[in-house]
1. Taking the alpha carbon gyration tensor of the chain, what are the square roots of 5 times its eigenvalues, largest first, to the nearest whole Å?
2. So what's the net charge close to Phe210: Lys and Arg +1, Asp and Glu -1, counting the other residues with Cβ under 13 Å from its Cβ?
3. Ignoring GluC sites (Glu not before Pro) that are buried or in helix or strand per DSSP, and keeping those with at most 14 other beta carbon atoms within 10 Å, what is the longest stretch of the chain between them?
4. I'd like the chymotrypsin sites (Phe, Trp or Tyr not before Pro) in the range 111-191 restricted to DSSP loop residues with at most 14 other Cβ atoms within 10 Å, sorted by number.
5. Net charge around Lys28, counting only other residues with Cβ within less than 14 Å of its Cβ (Lys, Arg = +1; Asp, Glu = -1)?
6. State the volume of the convex hull built on the alpha-carbon positions of the range 1-100, expressed per residue in Å³ and rounded to an integer.
7. Considering the alpha-carbon set of the range 176-219 alone, what are its Rg and its Dmax in angstrom?
8. Report for the chain the percent antiparallel among DSSP-assigned beta bridges with both residues inside it, nearest 5.
Amino acid sequence: MKISLIIPCYNEETSLRPFYEELNRVSKEMDKYEFEILFIDDGSKDNTFSIIKELAESDSRIVYISFSKNFGKEAAMYAGFCNVTGDYAAVMDADMQDPPSLLPKMLEMLNSGEYDSVATRRVTRKGEPVLRSFFANCFYKIMHRASNVDIVSGARDFRLMKREMVDAIVSMCESNRFSKAIFGWIGFKTAWLPFENVERVAGTSKWNFFSLFKYSIDGIIGFSDTPLKISYLFSILLMLGSLTSLGFGIYEGVTAASMPDVTNLFSLLIILSAVLFVGSVSLLTLGILGMYISKVYGEVKNRPHYIVAQTNKKDVVRK
Ligand code: UDP
Ligand code: MG
């Protein structure tokens, strides 16, 4: 049996060696299995790629693919899934936040035969900025309600899965990728392994508030049409409101003895806010529609997910 590990790396020069050492230690404990360690260098600007090449010289289990630029973690993971050859595969961060020491336990659970994948989830977010945890929790709640995909709070991309699941992921070839939802969408039986949050061994996180916000919007748009339905709902409510006010207006016009005085400031402000409200709802609706159209545009262009600049794999799959 062969286990393939996919490790997306972007500017990880400080964490790569400690990560590799730990992985090496754990893989020695699992000596019944053959390992394939696939490093995806996602256009790093530091020494990450030279360290990977150096490691590959002394370890024949290491395969590397280096991108022509930074395509993002999603593209790196997809390149990994397209290129692994193992019976089992897992994605792991290069910063030890997905502890290699969990692998034997995950394998044991997978070998019980009951599950197709064993996924990890953080039960704490210790060490993470409070605001980031707050927004992450909000996002999971929204995503859970808005999409019919099961996304578990605190779920990491670190999961050991069988070949069938890898093939299913490869067949999901959309360019607007959101792996957490893809894993849920394809189905299969998944066991969850909880663990305490681990802080990165070195270096810094590649995500800031805005990139995470954008990523979460991508996830919602990719797996839910609820925002479009909300804009429908708004237009129906507004139409009902305008019909009601029209009814009152006609009634007043027919029954009032004299024309009402609409020149006072209060009336003007009410009219102004109604006009602005309708305008902003129309723009919001247009914006939501625009986001979906831009995603369709992205898919239609059918650009490659990633471009390989260097690799030591003979028959590298390019998608
Ligand atoms: N990563 C990547 N491409 C990117 C950003 C990140 O391949 O554009 C990799 C990164 O090297 C790491 C993993 O994805 O191995 C997770 O990134 P990070 O630790 O910065 O995310 P966090 O754990 O803070 O969510
Ligand atoms: Mg990390």
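1. 51, 20, 19
2. With Lys, Arg at +1 and Asp, Glu at -1, the net is +2.
3. Counting only loop sites that pass the neighbour cut-off, the longest clear stretch is 200-319.
4. For chymotrypsin sites (Phe, Trp or Tyr not before Pro) across the range 111-191 that sit outside H, G, I, E and B with at most 14 neighbouring Cβ atoms in 10 Å, the list reads Phe188.
5. -3
6. Cα-based convex hull of the range 1-100, divided per residue, equals 86 Å³.
7. According to the Cα coordinates of the range 176-219, Rg and Dmax are 14.0, 35 Å.
8. Of those bridges, close to 30 percent are antiparallel.
None of the figures in this text is laboratory data; all of them are computed from the coordinates on show. Being a predicted model, the structure only gives us computed values, none of them experimental. Using ideal geometry, Cβ is built from the backbone for each residue, glycine included, and neighbour counts are taken over all protein chains shown.
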